[in-house]
1. Please work out if ILE234 is assigned to a helix (DSSP H, G or I) and either in the same structural domain as CYS27 (by TED's automatic domain parsing) or within 16 Å of ligand 2 (Cβ to nearest atom) (or both).
2. Among the candidates VAL223, VAL253, VAL241, VAL207, single out the residue that is surrounded by 17 or more Cβ atoms within 10 Å (Cβ to Cβ) and without any contact (Cβ under 8 Å) to a residue 24 or more places away in the chain.
3. Restricting to the stretch 184-210, name every residue that is touching a Gly at 6+ places or on another chain (Cβ under 9 Å), away from ligand 1 (no atom under 15 Å from the Cβ) and in a strand (DSSP E or B).
4. Give the residues of the stretch 48-77 that are farther than 12 Å from GLN240 by Cβ, surrounded by 13 or more Cβ atoms within 10 Å (Cβ to Cβ) and of a type in the set (Gly, Ala, Ser), sorted by residue number.
5. Of all the helices (runs of 4 or more DSSP H) wholly in the stretch 1-104, which have at least 2 residues that are in contact with a strand residue (DSSP E or B) (Cβ under 7 Å, 6 or more places away or on another chain)?
6. Quick test for you: out of SER147, SER156, SER140, pick the one residue that is more than 12 Å from ligand 1 (Cβ to nearest atom) and either of a type in the set (Ser, Thr, Tyr) or in contact with a Cys (Cβ under 6 Å, 6 or more places away or on another chain) (or both).
7. Scan the stretch 147-161 and tell me whether some residue there is surrounded by 16 or more Cβ atoms within 10 Å (Cβ to Cβ), outside the structural domain of GLU69 (by TED's automatic domain parsing) and touching a Pro at 6+ places or on another chain (Cβ under 8 Å).
8. Being within 16 Å of ligand 2 (Cβ to nearest atom), in a loop (DSSP other than H, G, I, E, B) and under 28 Å from LEU65 (Cα atoms) is the filter here; which residues of the stretch 172-183 pass it?
Amino acid sequence: MHLLFPSDPFNKKSVDETYAIEYEALCSAGLRCSLFSTLDFDQGIFSPWPHLTADAKVLYRGWMLTPEEYGRLHKAISTSGGVPVTSPHQYRLCHYLPEWYPLLHDCTPETIFASRDADFEYIVAKHVWPAYFVKDYVKSLTTKRGSVASSADDVSEIVSLIEQFRGEVEGGVCIRKYEDLRPNTEERYFVLNGRAYGRGHNVPELVHEIARRIMSPFFSADVAMRTDGTPRLIELGDGQVSSLKSWPVEAFVSLIANSDE
Ligand SMILES: Nc1ncnc2c1ncn2[C@@H]1O[C@H](COP(=O)(O)OP(=O)(O)OP(=O)(O)O)[C@@H](O)[C@H]1O
Ligand SMILES: [Mg+2]
């Protein structure tokens, strides 16, 4: 496996500081790692350093990309002789909630998908839920206001704030049924080549089931316990752009290193 990280914007031979710990740990474990400038990439230039070796299986680790951007990166890696581990279709499947939802609707809070300009009054009137959890296709509102709505006006407010803070609503709006979750029970799992991994302890059966249903080589699954004791999938993410959350870096490195054997 050949890892590809974003470089520091001002120094193409250093990793972006956000990924420094992970990059150093993977390099120290003997994994091949290259850097590329995202500023150059935005200008249509892709010149990884060190160069990708021919037929290297390339796994990106970096900032979230739109599916279109990932498609461009996939093409650039292929043109440079590498073989991207994840296809653009697989990236989109795990990155956008409406893509994975039909495959996992029984494991995750019920969700309605709407355009940015939809009639939220109508949607809320038709779905009388304890509360609504609002996000775009990728992320919730992570400011103090939070993403929980109790009315259509709240939904509109959250959507406007997502637009204000992040520049746009990515894809569209997801209005999810609010479920009571036990505090501090959310755990991130990674699935690599069909095998589910946790950061040390047991992997719940729900995650093995998700691994069987989702045909993508590398993704994350966040699972929390509902107050009635049912484990619930909160979100899926493409593994290349998922943060480690509370995973010790060593556990992540051994996950990647073992997949190479
Ligand atoms: N339907 C829901 N009902 C109740 N709580 C929810 C629901 N969906 C999400 N949450 C809570 O809100 C948190 C953030 O939601 P989610 O992970 O979907 O958004 P996010 O923007 O990806 O956030 P983060 O970057 O923190 O992972 C979850 O960790 C969970 O505690
Ligand atoms: Mg999340």
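1. On the way: assigned to a helix (DSSP H, G or I): no; either in the same structural domain as CYS27 (by TED's automatic domain parsing) or within 16 Å of ligand 2 (Cβ to nearest atom) (or both): yes.
Spelling it out, it is not the case that ILE234 is assigned to a helix (DSSP H, G or I) and either in the same structural domain as CYS27 (by TED's automatic domain parsing) or within 16 Å of ligand 2 (Cβ to nearest atom) (or both).
2. Details: VAL223 fails: without any contact (Cβ under 8 Å) to a residue 24 or more places away in the chain; VAL253 fails: without any contact (Cβ under 8 Å) to a residue 24 or more places away in the chain; VAL241 fails: without any contact (Cβ under 8 Å) to a residue 24 or more places away in the chain.
VAL207 is the lone residue from the list that is surrounded by 17 or more Cβ atoms within 10 Å (Cβ to Cβ) and without any contact (Cβ under 8 Å) to a residue 24 or more places away in the chain.
3. Here is the first cut: in the stretch 184-210, the residues touching a Gly at 6+ places or on another chain (Cβ under 9 Å) are 187-192, 204, 207.
Next, only the ones that are away from ligand 1 (no atom under 15 Å from the Cβ) stay: 191-192, 204, 207.
Those that are touching a Gly at 6+ places or on another chain (Cβ under 9 Å), away from ligand 1 (no atom under 15 Å from the Cβ) and in a strand (DSSP E or B): VAL191, LEU192.
4. Within the stretch 48-77, ALA56, GLY71, ALA76 qualify.
5. On the way: elements: 20-28, 38-42, 67-79, 88-95, 97-104.
Because the criterion is at least 2 residues that are in contact with a strand residue (DSSP E or B) (Cβ under 7 Å, 6 or more places away or on another chain), the helices (runs of 4 or more DSSP H) in the stretch 1-104 that meet it are 20-28, 67-79, 88-95, 97-104.
6. Details: SER147 fails: more than 12 Å from ligand 1 (Cβ to nearest atom); SER140 fails: more than 12 Å from ligand 1 (Cβ to nearest atom).
Exactly one of SER147, SER156, SER140 is more than 12 Å from ligand 1 (Cβ to nearest atom) and either of a type in the set (Ser, Thr, Tyr) or in contact with a Cys (Cβ under 6 Å, 6 or more places away or on another chain) (or both), namely SER156.
7. no
8. Hit for the stretch 172-183 is TYR178, nothing else.
The values are calculated or read from the model by the stated rules, or taken from the named source; none is laboratory data. Keep in mind the model is a prediction, meaning the values are calculated, not measured. Quick reminder, even Gly has a Cβ in these numbers, built from the backbone with ideal geometry, and neighbours come from all protein chains shown.
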